[in-house]
Amino acid sequence: MTAPSFYVTTPIYYANGSPHIGSLYTTVVADFLARYHRLAGDTTFFLTGLDEHGEKIFQTAQARGTSPQPFVDELAERFQQTWQTFNISYDIFMRTTDLEHGRIVRHVLEQVYAAGDIYFAEYEGRYCVGCERFLTEKELVDDLCPDHSVAPELRHEGNWFFRMERYRPWLRAELLAQPELIGPERYRNETLAMLSEPIGDLSISRPRARVPWGIPLPWDDEQVTYVWFDALLNYLSALDYPTGAAYGTFWPSVQHLIGKDILKPHAIFWPTMLRAMGVPLYRRLLVGGFLLGADGRKMSKSLGNVVDPFALAERYGADAVRYYLLREFPYGQDGAVSEAGLRERSAADLANTLGNLVNRLRVMLLRYRDGAVPLFFPDAALLAEGNDLVAAVTALVAEMRIHLALERIMRFVQTLNRYVDDRHPWELARDPARSDDLDTVLASLFTGLDIASILLTPAMPGKMSELRSSLGLAAAASFAEGRTVEPGTRIPVEAGILFPKGA
Ligand code: ME8
């Protein structure tokens, strides 16, 4: 039997500024899922990358007095370094200036053009460079783009158009037939509302004279490909569509993670493009909420409420930041990020609950058993609870309730801490006749921490590998693994403090 496949993508971020807590958030959620599926034994592919074309990037590079290619090259490096700091285990870092990607975009354009789904027309509309798209009158709030708080420019130009409206009835029917296609549900409803009236056709080119930074259309050298048409195709070009083996393996399982700001391109443009190309629809579109400043307002430099992920990582460690983002914010909802919140969460869950238990177990093993790992039967009830935990966590992750999955794991660790308090191992250690009882306690805690640390590995890969090695265990490789302790294994006498208190 071949293993199920799992393909997860982040948006490819605009190469016009450094990564920030928002791009980190979506990337950490994707990394969690990729690591989770790898541990579950699925054949996994994880894509992130950069969106390097378009007007916004062209203008930013110009404003910095440089040309676009060196500008995006530098940002690509900065993004890759950031992902390394946060232990992001992507399989591919897509860049839309990659020549192979350009070749595939031109191939798709030719195919859709030949099928009669692309035509030329004059167009007038309100364009937001921040969103890189025309906004409808209905989308404006007080005449401004709600996401960027600027008045979109009125533009009149000749563009090539994709017959998107033609596919509206089909897309609506798909969404109605597949309730899980877009989640959480409110974003599915938002999409259905957009589809209840004409969506129009999509302008898919820009005059090269105005935007000389993009992929030229194969049949019209005066126009370059519209940045969204170009960027969305990265999810396929990464798999070497249409002939690559990876396309056959991974495309059927694709799940896109996005923020709510880019719902329309992913919920309307992308499915209709796929339909026109004859490519099956994605499996799931998962829409995340926005992280806000501690004051509950959109983060912005002028409000002074921006949280810098690097400062946090330096102070508290990358894994504590990852854990905070995953544990604190229910996926799909907005939430306020604060350093105080991170500190409280780390103190309660990581230092006082998990770190404390590891420390207690290590001290007891070293003191009572000379560091030898107990090869003894764990308490049956605790073991059963640990096994139930695996099933519960699997179900919660599948529903994208990652914060609840982590809460469940921490509750189990609390149970283990209570078990120490209830069993009084320090008294058992004084009575040689109760040596077996002490072994049961030690083996139960050890097995419990083995299970909990495997389940926490997708959230905190670095720290869990440290935790495991402080107990003589190899880094987690699979959920199915169980205990793999050789008789005679001893825990290291020295181990650093896993989660320093009050960092
Ligand atoms: O839209 N909270 O790129 P982008 C949570 N290039 N997530 C946030 C966030 C916040 N405050 N701010 C940003 C683009 N994000 C296009 C995508 S895909 C084919 C092309 C995250 O750099 C969130 O995932 O503007 C959002 O959707 C994404 O960054 C937008 O990144």
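The values are calculated or read from the model by the stated rules, or taken from the named source; none is laboratory data. Treat the numbers as computed from the prediction; the structure is a model and nothing was measured. Here Cβ is always computed from backbone atoms with ideal geometry, including for glycine, and neighbour counts include all displayed protein chains. Remember, those area values only see protein heavy atoms, side chains included, never the ligands or the DNA or RNA. Shrake-Rupley method; radii C 1.70, N 1.55, O 1.52, S 1.80 Å.
Length gain on complete extension for the stretch residue 375 to residue 430, per 0.36 nm per residue less the alpha carbon to alpha carbon distance?
17.8 nm
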| request: Determine one quarter of the surface area of the Cα convex hull of the stretch 332-399, which equals its mean projected area, and express it in nm² to one decimal. | output: 7.1 nm²
| For the pair residue 240 and residue 180, how long in nm is the line joining their label points, each one 7 Å along Cα→Cβ? | 3.0 nm
| said: Probe of 1.4 angstrom, ligands and nucleic acids ignored: what's the accessible area per residue over the chain, in square angstrom? | reply: 42 Å²
| What are the ³J(HN,Hα) values, in whole Hz, obtained from phi via the Karplus relation 6.51 cos²θ - 1.76 cosθ + 1.60 with θ = phi - 60°, for each residue of the stretch 54-61 in sequence order, with x given for Gly and Pro? | x, 5, 4, 6, 4, 5, 5, 4
| query | Which cross-chain or sequence-distant (5 or more) residues have an amide H under 5 Å from the amide H of residue 161, H modelled 1.01 Å from N in plane? | reply | 119, 120, 121, 204
| query | Where in the stretch 410-503 are there trypsin sites (Lys or Arg not before Pro) that are in a DSSP coil and have at most 15 other Cβ atoms within 10 angstrom of their Cβ? | reply | 430, 483, 501
| Semi-axes, largest first, in whole Å: what does sqrt of 5 times each Cα gyration tensor eigenvalue give for the stretch 406-503? | 24, 17, 14
| task | Restrict the search to the stretch 316-383; then list the GluC sites (Glu not before Pro) that DSSP places in a loop and that have at most 15 other Cβ atoms within 10 Å of their Cβ. | result | none
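Looking at the square roots a ≥ b ≥ c of the eigenvalues of the Cα gyration tensor of the stretch 125-205, which shape do they give, rounded for a/c under 1.5, prolate if a/b is larger than b/c, or oblate? Each step should come with its number before you reach the end.
Details: a/c = 2.66, a/b = 1.45, b/c = 1.83.
Oblate is the answer for the stretch 125-205, as a/c is 1.5 or above yet b/c matches or exceeds a/b.
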| task | With just the Cα atoms of the stretch 30-188, tell me how far they stretch along each of the three principal axes, in Å, largest first. | result | 51, 50, 40
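Over 20 Å apart: what share of the alpha carbon pairs of the stretch 210-325 falls there, rounded to a whole percent?
Cα-Cα pairs in the stretch 210-325 separated by more than 20 Å: 62 percent.
Inverting the mean 1/r over all pairs of different Cα atoms, compute the Kirkwood radius of the chain and quote it in Å. Numbers along the way, then the final one.
Numbers: mean 1/r = 0.0401 Å⁻¹.
Across the chain, the inverse of the average 1/r is 24.9 Å.
At 0.36 nm per residue, minus the direct Cα-Cα distance, what do residue 469 and residue 497 gain on full extension? Give it in nm, one decimal, please.
Working: separation 28, 0.36 × 28 = 10.08 nm, distance 1.25 nm.
Answer, rounded to one decimal: 8.8 nm.
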| field | Surrounding net charge for residue 74, when Lys and Arg each add one and Asp and Glu each subtract one, Cβ distance under 15 Å | value | 0
| note | Note to self: C-alpha centroids of the stretch 297-370 and the stretch 134-170 sit apart, in Å, by 40 Å
| For the stretch 338-445, max minus min Cα coordinate along each principal axis, in Å, sorted largest first? | 49, 31, 22
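Summarise the accessible area of the chain (1.4 Å probe, protein heavy atoms) by the percent that is carbon and sulfur. The partial results should precede the final answer.
Values: 10930 of 21290 Å².
Summing carbon and sulfur atoms, their accessible area is 51 percent of the total for the chain.
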| query | So how far apart, in nm, are the two label points at residue 166 and residue 315 if each is 7 Å from Cα heading toward Cβ? | reply | 5.5 nm
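If R0 is 30 Å, what FRET efficiency do you get for residue 340 and residue 85 from their C-beta distance, rounded to 0.05? Can you show the working numbers first?
Details: r = 23 Å, r/R0 = 0.75.
Calculated transfer efficiency: 0.85.
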| field | trypsin sites (Lys or Arg not before Pro) within the stretch 270-339: DSSP coil, no more than 12 neighbouring Cβ in 10 Å | value | 297, 301
| note | Phi-derived 3J(HN,Hα) across the stretch 258-270 with the Karplus relation (6.51, -1.76, 1.60, θ = phi - 60°), rounded Hz, x for Gly and Pro, is 9, x, 5, 5, 10, 4, 4, x, 8, 9, 10, 4, 5
| query | Considering amide H positions built from the backbone, and no H for Pro or chain starts, which residues 5 or more places from residue 49, or on another chain, come under 5 Å of its amide H? | reply | 13, 94
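Of 264/298; 260/298; 138/264, which pairs sit farther than 18 Å apart, going by alpha carbon to alpha carbon? Display every interim value, and only then the final one.
On the way: 264/298 20 Å; 260/298 14 Å; 138/264 13 Å.
Listed pairs above 18 Å: 264/298.
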